[in-house]
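Chemist: The following block contains the structure, expressed as structure tokens.
The values are calculated or read from the model by the stated rules, or taken from the named source; none is laboratory data. If you're wondering where the values come from, they're calculated on a predicted model, not measured in any experiment. Note: ideal-geometry Cβ built from the backbone for every residue, glycine included; neighbour counts use all protein chains shown. Surface accessibility is based on the protein's heavy atoms, side chains included, excluding ligands, DNA and RNA. Shrake-Rupley method; radii C 1.70, N 1.55, O 1.52, S 1.80 Å.
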Amino acid sequence: MDDFYEQFVGIKDSRLYNYIKFLMYVTGFVAVACFAIMKIIGFIIFAVITVIIFVARRMLYVEYEYSFTNGEIDIDKIIDKNNRKTSANFQIKDIEVMAKAESDFIKSSDFKYDKELNCYNNCNNSDIYSILVVCNQENLRINFGPDKKFIELCFSMNPRKVKTSSR
């Protein structure tokens, strides 16, 4: 029997995102207007500002996808709905511990991590969990927001390392 589960953690358009998007269109329009009246310096300035705002807007729209396939966990970061990058890939049997981020299990662990990955959105309504794992010869602490079914699948594959209570 194959265990497969995918959880998508989306994001709603925030006021800041919509404001930056509007600002990008306005500066783009001003850049075109400056070009139309032959002010090259104004065009260049507003074109550069528009590009900077465009890049900032893309970085604000980040979604995550957690995949569980037969004990293998993939965490992907999706930027601006079209660029997908794998943040982490590991086996659930190889983790040191998985528990709520503020639990005693995480706080009292002697696992020294080199890097901390935050793979959740601020609008995420679920509890934030942490996984301490060695992934690609690097000690990682991965913070993410799994739902109940994702946690149950992880627990069924490694009940000694996945902690479902806070103590």
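Chemist: Could we say that PHE8 is in contact (Cβ under 8 Å) with a residue 24 or more places away in the chain and either at positive phi or surrounded by fewer than 15 Cβ atoms within 10 Å (Cβ to Cβ) (or both) here?
Modeler: It is true that PHE8 is in contact (Cβ under 8 Å) with a residue 24 or more places away in the chain and either at positive phi or surrounded by fewer than 15 Cβ atoms within 10 Å (Cβ to Cβ) (or both).
Chemist: Looking at the range 90-135 only, could you name the residues that are closer than 17 Å to GLU72 by Cβ and assigned to a loop (DSSP other than H, G, I, E, B)?
Modeler: None; the set is empty.
Chemist: Restricting the range 72-87 to residues that are at pLDDT below 90 and not polar (S, T, N, Q), which is most open to solvent (accessible area, probe 1.4 Å)?
Modeler: Once the filter is applied, the top-ranked residue is LYS81.
Chemist: Being open to solvent by 60 Å² or more (accessible area, probe 1.4 Å) and modelled with pLDDT of 90 or more is the filter here; which residues of the range 142-167 pass it?
Modeler: The answer is LYS148, LYS149, GLU152, PHE155, SER156, MET157, PRO159, ARG160, LYS161.
Chemist: Looking at VAL51, VAL30, can you tell me which residue is in a helix (DSSP H, G or I), touching a helix residue (DSSP H, G or I) at 6+ places or on another chain (Cβ under 7 Å) and either closer than 25 Å to MET157 by Cβ or open to solvent by 20 Å² or more (accessible area, probe 1.4 Å) (or both)?
Modeler: Of VAL51, VAL30, the one residue that is in a helix (DSSP H, G or I), touching a helix residue (DSSP H, G or I) at 6+ places or on another chain (Cβ under 7 Å) and either closer than 25 Å to MET157 by Cβ or open to solvent by 20 Å² or more (accessible area, probe 1.4 Å) (or both) is VAL30.
Chemist: Here's a follow-up. Give the residue, chosen from SER103, SER130, that is in contact with a helix residue (DSSP H, G or I) (Cβ under 7 Å, 6 or more places away or on another chain), among the polar types (S, T, N, Q) and crowded, with 17+ Cβ neighbours inside 10 Å.
Modeler: Details: SER103 fails: in contact with a helix residue (DSSP H, G or I) (Cβ under 7 Å, 6 or more places away or on another chain).
Being in contact with a helix residue (DSSP H, G or I) (Cβ under 7 Å, 6 or more places away or on another chain), among the polar types (S, T, N, Q) and crowded, with 17+ Cβ neighbours inside 10 Å holds for just one of SER103, SER130, which is SER130.
Chemist: Can you say whether CYS119 is in contact with a Gly (Cβ under 9 Å, 6 or more places away or on another chain) and under 19 Å from SER67 (Cα atoms), as far as the supplied structure shows?
Modeler: For CYS119, the condition - in contact with a Gly (Cβ under 9 Å, 6 or more places away or on another chain) and under 19 Å from SER67 (Cα atoms) - is met.
Chemist: Of (1) more than 22 Å from PHE155 (Cα to Cα); (2) polar (S, T, N, Q); (3) touching a residue at least 12 places away in the same chain (Cβ under 8 Å), GLN137 satisfies all except one. Which?
Modeler: Condition (3) is where GLN137 drops out.
Chemist: Name the pairs whose Cβ atoms lie under 9 Å apart, with the first residue in the range 146-163 and at positive phi and in contact (Cβ under 8 Å) with a residue 40 or more places away in the chain, the second assigned to a loop (DSSP other than H, G, I, E, B) and not aromatic (Phe, Trp, Tyr), and 6 or more positions between them or separate chains?
Modeler: none
Chemist: Could you figure out which of (1) over 23 Å from CYS154 (Cβ atoms); (2) surrounded by 11 or more Cβ atoms within 10 Å (Cβ to Cβ) isn't true of ARG15?
Modeler: Just one mismatch for ARG15, condition (2).
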